[in-house]
Structure formats: C-alpha cells, structure tokens
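Values quoted throughout were computed directly from the atomic coordinates according to the rules given, and no laboratory measurement underlies them. Since the model is a prediction, treat every value here as computed from it, not as a measurement. Every residue, glycine among them, receives a Cβ derived from its backbone with ideal geometry; neighbour counts consider all protein chains shown.
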C-alpha cells in the first residue's frame, strides 16, 4: 500500500532525482550544416546568463549578446557556428531546441545576424 493511500506523505525519491540530474549533465549535441557540435547542457547553465542575455537583446547590445552566447554555448561552438554562417535566428532555434531537451527556460537569443558581432 502506498504512503499516499493511507494518508502518509509520499517520500521524495532521491535516487530518481539524482539520476535526472546526472542525465541532465550530458552535453546537448546538435548538427548544423553537416557538422556536429555540442554545448554545455542548458539545464546546467546559470539562469543569470539567460537573464543577462534577455536584457542585452532588449538593449540591443550586440557585443554583450555575443559574449553571453559564447559563454552559454561554449566559445568554440559559438565560433564554429558563426564561421558556418549562423544567424540570430539560427542561435534562437538552437537555444529553443536545447531548452526543450534540457528543461531550461527559453532565452531570447540575438535576433540580428550573429556573425555581425564577430571580433
């Protein structure tokens, strides 16, 4: 008989929670223009980055947007995407897909052409 059925609280399943965190720590792997990339799992990226990115988009601060995207998805991955011609829409689609896979809130990725922020 389960604890909920007899009026007792249902215990928290720590094993299941730990397994979910371990699974969430796996990188998010994706393909763009025939090349496979990976980024840190969005579930592990600090929420502050997401919030800062949304503010940079609102303020139209393209340099800050580029810095935050590189921090969020990894500098090498970001650079590779830009070199392959990724646009703001590409990065927005990436963050949306990663969010859906990793359960992180959707971010507002830069809506302008991302390669314009290359240094």
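How much length would be gained if the chain were fully extended between residue 58 and residue 76, taking 0.36 nm per residue of separation minus their Cα-Cα distance, in nm to one decimal? Working shown, then result.
Working: separation 18, 0.36 × 18 = 6.48 nm, distance 2.54 nm.
Working it through step by step, the gained length comes to 3.9 nm.
Taking other Cβ within 10 Å of each residue's Cβ, how do 32, 37 sort, fewest first? Before the final figure, lay out the partial values.
Working: 32 16, 37 21.
The most exposed by this proxy come first: 32, 37.
What is the packing order of peptides 54-61, 74-81, taking the mean over residues of other C-beta atoms within 10 Å and listing the highest first?
Values: 54-61: 14.8, 74-81: 17.2.
Output ranking for 54-61, 74-81: 74-81, 54-61.
Where does each of 67-73, 88-94, 8-14 land if you order them by average Cβ count within 10 Å, highest first?
Values: 67-73: 22.1, 88-94: 19.3, 8-14: 8.4.
Ranking, from highest mean packing down: 67-73, 88-94, 8-14.
Can you tell me how much longer the chain between residue 21 and residue 35 gets when fully stretched, taken as 0.36 nm per residue apart minus their C-alpha distance, in nm with one decimal? Present the calculation step by step, with values, prior to reporting the outcome.
Numbers: separation 14, 0.36 × 14 = 5.04 nm, distance 2.77 nm.
Here the segment from residue 21 to residue 35 would lengthen by 2.3 nm.
I want to check the label-to-label distance for residue 83 and residue 12. Put each point 7 Å from Cα in the C-beta direction and report it in nm to one decimal.
The modelled label-to-label distance comes out at 4.5 nm.
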